[in-house]
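Student: Below: one structure in structure tokens.
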Amino acid sequence: MQGKQIYISFITELELIGFKNLSDRDEKQIHSLLSDCSIIQMNNKLKEQYVTIRKKYSLKLPDAIIAATAISFNLPFITSDKQFKTINKLKLVSYEI
């Protein structure tokens, strides 16, 4: 990301390291990526934003936490998942796979 500090939700971290059937190479790449990121842990501010997002939008719990993290910390949200386009508080950065 060209020298930028990368922040991710603890949920994203768990999703990455919890993939089934990862090769040793994949696991090393994931851990290398995570070592370059700042992991945002759950806190009260994030919980409050999560409740707002979860009640207003039809998101699964992990997606609602990830979106709430970006909103709570005023961070750009990079995703290819189109469902997040409905959340107007997100600074959405879309990319195509």
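Student: Could you list, ordered by first residue, the pairs with Cβ atoms under 9 Å in which the first is in segment 1-29 and farther than 22 Å from LEU46 by Cα and the second is part of a loop (DSSP other than H, G, I, E, B) and hydrophobic (A, V, I, L, M, F, W, C), at least 6 apart or interchain?
Tutor: ASP26/PHE19; GLU27/PHE19
Student: Can you tell me which residue within segment 38-60, out of those that are modelled with pLDDT of 95 or more, of a type in the set (A, V, I, L, M, F, W, C) and closer than 17 Å to PHE77 by Cβ, is surrounded by the fewest Cβ atoms within 10 Å (Cβ to Cβ)?
Tutor: Per the stated criteria, the residue is ILE39.
Student: To continue, here is another question. Show the residue pairs meeting these rules: Cβ distance below 8 Å; 6+ apart or different chains; first residue within segment 83-95 and closer than 18 Å to LYS56 by Cα and open to solvent by 70 Å² or more (accessible area, probe 1.4 Å); second residue among the polar types (S, T, N, Q) and part of a strand (DSSP E or B).
Tutor: As it stands, the answer is LYS85/SER94, since those pairs meet every condition given.
Student: Among the residues of segment 61-80, write down those that are in a helix (DSSP H, G or I) and open to solvent by less than 20 Å² (accessible area, probe 1.4 Å).
Tutor: The answer is ALA64, ILE65, ALA67, ALA68, THR69, ALA70, SER72.
Student: Of everything in segment 1-37, what is open to solvent by 60 Å² or more (accessible area, probe 1.4 Å) and under 11 Å from the mean Cα position of the chain (by Cα)? Give them in sequence order.
Tutor: TYR7, LEU14, GLU15
Student: Let me ask something else. Filter segment 12-50 down to the residues that are among the hydrophobic types (A, V, I, L, M, F, W, C) and assigned to a loop (DSSP other than H, G, I, E, B), then identify the one that is nearest to LEU61 (Cα to Cα).
Tutor: Among those residues, the one meeting the criterion is MET42.
The values are calculated or read from the model by the stated rules, or taken from the named source; none is laboratory data. Note that the structure is predicted; figures quoted are calculated from it, not measured. All Cβ positions, glycine included, derive from the backbone under ideal geometry; neighbour counts span all protein chains shown. Ligands, DNA and RNA are excluded from the accessible area calculation, which covers all protein heavy atoms including side chains. Shrake-Rupley method; radii C 1.70, N 1.55, O 1.52, S 1.80 Å.
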